[in-house]
1. Quick check, is residue 62 within 20 Å of the chain's Cα centre (by Cα) and either closer than 16 Å to residue 138 by Cα or surrounded by 14 or more Cβ atoms within 10 Å (Cβ to Cβ) (or both)?
2. Condition first: on the phi < 0 side of the Ramachandran plot, crowded, with 22+ Cβ neighbours inside 10 Å and of a type in the set (Gly, Ala, Ser). Can you find one or more residues in region 85-98 that meet it?
3. Look at residue 137 and say whether it is assigned to a helix (DSSP H, G or I), charged (D, E, K, R), buried (at least 18 other Cβ atoms within 10 Å of the Cβ) and on the phi < 0 side of the Ramachandran plot.
4. Looking only at region 18-29, which residues are buried (at least 24 other Cβ atoms within 10 Å of the Cβ) and within 21 Å of residue 80 (Cα to Cα)?
5. Output yes when any residue across region 102-117 is part of a helix (DSSP H, G or I), at pLDDT 95 or above and touching a Leu at 6+ places or on another chain (Cβ under 8 Å), and no when none is.
6. Can you pull out every residue in region 159-180 that is at pLDDT 95 or above, surrounded by fewer than 23 Cβ atoms within 10 Å (Cβ to Cβ) and aliphatic (A, V, I, L, M)?
7. Assess whether residue 132 counts as being out of contact with any Gly (no Cβ under 6 Å at 6 or more places or on another chain), of a type in the set (D, E, K, R), at pLDDT 95 or above and over 16 Å from residue 201 (Cα atoms).
8. Can you name the helices (runs of 4 or more DSSP H) wholly within region 162-267 that have at least 2 residues being without any contact (Cβ under 8 Å) to a residue 60 or more places away in the chain and in contact with a helix residue (DSSP H, G or I) (Cβ under 6 Å, 6 or more places away or on another chain)?
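The values are calculated or read from the model by the stated rules, or taken from the named source; none is laboratory data. Predicted model, so just to flag it, every value in this text is computed and none were measured. Positions of Cβ are generated from backbone atoms using ideal geometry, with glycine treated the same way; all protein chains shown enter the neighbour counts.
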Amino acid sequence: MQTSTLIVGCGRVGCRLGLRLIDNRESVVAVRREPSSLPAAFVRLGADLEDPLTLELPRVDRLVITLPPSAIPGGYRTVLNNLVDALPGTPERTVFVSSTRVFEGWGPDHHVTEDTEPRPVTERAGALLDGEHCAREDFDAIIVRPAGIYGPGRDRLIDSVRNGRPVDRSRLTNRIHEVDLVRALEALLFSPDPPRLLHAVDGHPTWQGAVVDHIARRLGVDPPEGSGTSEPSGRFLDGSLLQKFLGSMQYPDYASGYDAVICSENH
């Protein structure tokens with residue numbers, strides 16, 4: 001029996017997730033302000049979620065919320081309230097995509113796990129944490145916090161290395177290939193016993209200097225210089241829960257992931 005998933009926001013990750021769900025005979029409804037560029041296989045709905053919805057959304061089995069704070073100046077509370085009012089019933093499973101940015105107050109000497117208390121510093125991080133609270137209250141949502149999403153079309157760091165732009169080499173970074181993030185979201189939607197909070201990171205944090213040096217070797221160019229600061233920053237994010245949940249990752253570290261991205265660019 002075919003079931004349905006509503007994807008709210010539906011950017012790059014949402015589109016990739018939706019196409020994967022359709023391949024597995026799931027129907028997908030997607031909502032965003034301008035829906036015309038969404039895949040034709042989706043039921044495409046245009047709406048500004050900061051305003052009360054003039055249409056009633058269809059009853060769905062699952063809900064994925066992928067809205068970044070910059071897309072909702074009024075805050076998550078208004079958007080989620082409007083979703084509650086427009087849905088004919090509460091979905092059986094909701095996943096809210098947040099960010100590890102909520103830990104920006106922790107430094108590189110701190111080992112961050114799903115049990116670590118968030119420490120937002122900026123307004124954006126505070127908005128994400130507020131969104132998590134609202135999603136739990138309204139939908140009993142599972143929270144996913146990705147870090148450093150990269151993949152085909154997300155090649156800012158590769159472009160920086162290719163063009164010789166200085167980078168912050170002393171930053172401890174964490175990342176997740178878009179493919180593995182989508183796999184995690186799909187698993188959370190259908191797992192009979194999913195974790196209620198999951199950090200979507202590959203479990204191999206490293207200094208950004210090591211990442212750009214690897215990219216430079218693959219591109220055959222000189223590694224970029226540092227951006228001027230030598231003070232360590234960033235944080236160590238533990239990815240062991242994701243590894244346990246998924247069992248394996250297609251791109252378990254930055255080397256395999258960026259090698260695949262560079263290889264795809266060359267073909």
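1. Working: within 20 Å of the chain's Cα centre (by Cα): yes; either closer than 16 Å to residue 138 by Cα or surrounded by 14 or more Cβ atoms within 10 Å (Cβ to Cβ) (or both): yes.
Against the criterion (within 20 Å of the chain's Cα centre (by Cα) and either closer than 16 Å to residue 138 by Cα or surrounded by 14 or more Cβ atoms within 10 Å (Cβ to Cβ) (or both)), residue 62 qualifies.
2. Yes, the conditions are met somewhere in region 85-98.
3. Numbers: assigned to a helix (DSSP H, G or I): yes; charged (D, E, K, R): yes; buried (at least 18 other Cβ atoms within 10 Å of the Cβ): no; on the phi < 0 side of the Ramachandran plot: yes.
So residue 137 does not fit the description; no.
4. 18, 28
5. First, pick out the residues of region 102-117 that are part of a helix (DSSP H, G or I): 102-103.
Next cut, at pLDDT 95 or above only: 102-103.
So of that shortlist, the ones also touching a Leu at 6+ places or on another chain (Cβ under 8 Å) come out as 102-103.
Checked region 102-117: at least one residue is part of a helix (DSSP H, G or I), at pLDDT 95 or above and touching a Leu at 6+ places or on another chain (Cβ under 8 Å).
6. Hit for region 159-180 is 179, nothing else.
7. Details: out of contact with any Gly (no Cβ under 6 Å at 6 or more places or on another chain): yes; of a type in the set (D, E, K, R): yes; at pLDDT 95 or above: yes; over 16 Å from residue 201 (Cα atoms): yes.
So residue 132 passes the test.
8. 208-219
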